[in-house]
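Following: one structure in structure tokens, then a few remarks.
The values are calculated or read from the model by the stated rules, or taken from the named source; none is laboratory data. What you see is a predicted model, and the numbers here were worked out from it, not measured in a lab. Using ideal geometry, Cβ is built from the backbone for each residue, glycine included, and neighbour counts are taken over all protein chains shown. We work out accessible area using only protein heavy atoms, side chains counted, and drop any ligands, DNA or RNA first. Shrake-Rupley method; radii C 1.70, N 1.55, O 1.52, S 1.80 Å.
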Amino acid sequence: MSWVSTRMYYETINRQVQKRVGPMASAPLLIESLDFSQLYGLVEASDWSRAEEVLTVSAKRLADAGADALVIAANSMHRVYDGVAAAVDVPILHIADCMGDRMAAASVKSAALIGTRNVMTESFYRRRLVAKGVDLVPPDMAEVDETDRIIYEELMAGQVTRNAERYFKTMITRMEQDGVGAVALACTELNLVVDTSANVLPIFDSSRIHCEAAVDWICAK
């Protein structure tokens with residue numbers, strides 16, 4: 001939902017379409033980049049109601065403009081997925097379902113979920129992975145606090161630091177030592193500081209998996 005995430009989605013989807021279709025191909029996309037300052041630090045039920053209204057209005061605009069399917073480029077905003085999806089007549093590709101399908105296909109049975117506070121601790125995201133047969137380990141609340149801080153104070157502002165890279169490398173190494181089988185990287189900016197291809201555990205990157213699902217949709221049309 002941040003401009004960092006929007007940029008990443010645009011580039012990843014286009015590179016994947018180019019790879020699958022041909023060097024001159026690009027993705028037919030309609031993009032609405034929302035003001036994330038209106039959707040930051042949501043806590044109260046009224047905050048989330050406002051977020052659902054903002055996303056619903058945006059989804060309707062995109063559908064009216066001709067979009068055949070939608071993606072919400074933020075894990076945390078899938079907390080209001082059901083209300084937004086009910087308001088439009090086009091499918092919205094749920095990021096957690098895409099993650100769960102990929103993890104199930106890889107026979108992942110035990111995983112740690114890393115993302116913003118609401119993603120790591122609330123049921124709206126976790127239950128969709130569990131429904132795919134992925135057993136999620138309980139979150140460490142100290143890690144929840146620091147992960148949430150890094151995401152909102154650094155990554156969503158486009159800041160990448162060595163301290164953040166070291167923090168997540170240490171966290172994932174500890175998880176591997178504790179017997180965790182994989183990591184669900186459930187924040188679209190976390191791949192800025194987590195090496196998704198060379199780590200001690202398999203890393204399932206929500207942003208890349210979500211983008212690949214969007215490309216599957218585009219290329220199937």
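Structure summary
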quantity: GluC sites (Glu not before Pro) restricted to DSSP loop in region 1-49 with at most 12 other C-beta within 10 Å; calculated: Glu44
quantity: Chymotrypsin sites (Phe, Trp or Tyr not before Pro) within region 1-57: DSSP coil, no more than 14 neighbouring Cβ in 10 Å; calculated: Tyr40
quantity: Region 16-25 - phi-based ³J(HN,Hα) in whole Hz, Karplus 6.51/-1.76/1.60, Gly and Pro as x; calculated: 5, 4, 4, 5, 7, 9, x, x, 9, 7
quantity: Where Asp97, Asp205, Asp135 fall by accessible area, highest first, once all protein chains stay in place (1.4 Å); calculated: Asp135, Asp97, Asp205
quantity: Residue-by-residue Karplus 3J(HN,Hα) for region 189-197, coefficients 6.51, -1.76, 1.60, Hz, glycine and proline x; calculated: 9, 5, 5, 5, 10, 10, 6, 7, 10
quantity: Fraction of accessible area attributable to carbon and sulfur, the chain (%, probe 1.4 Å); calculated: 50 percent
quantity: Å² of accessible area per residue within region 83-221, as computed with a 1.4 Å probe and no ligands counted; calculated: 44 Å²
quantity: Exposure rank, largest accessible area first [Lys221, Lys169; 1.4 Å]; calculated: Lys221, Lys169
quantity: Sequence-separation-based contact order of the chain, relative, with Cα cut under 8 Å and 6+ spacing, percent; calculated: 23 percent
quantity: Region 167-206, relative contact order [Cα under 8 Å, separation at least 6], %; calculated: 48 percent
quantity: Separation of alpha-carbon centers, region 1-24 and region 85-128, rounded to whole Å; calculated: 21 Å
quantity: Mean accessible surface per residue for region 13-60, computed with a 1.4 Å probe while every protein chain stays in place, in Å²; calculated: 65 Å²
quantity: Set of lysines near Lys19 by C-alpha distance (under 28 Å), chain-local residues within fewer than 8 positions excluded; calculated: Lys221
quantity: Low-density loop cleavage sites - trypsin sites (Lys or Arg not before Pro) in region 104-152, where at most 15 other Cβ are within 10 Å (DSSP); calculated: Lys109
quantity: Nearest 10 degrees, 0 to 90: helix 95-105 Cα axis against the chain principal axis; calculated: 60 degrees
quantity: For Rg and Dmax of the Cα atoms in Å, calculated from these coordinates, the label among [x] 22.0, 82; [y] 16.9, 50; [z] 17.7, 54; calculated: [y]
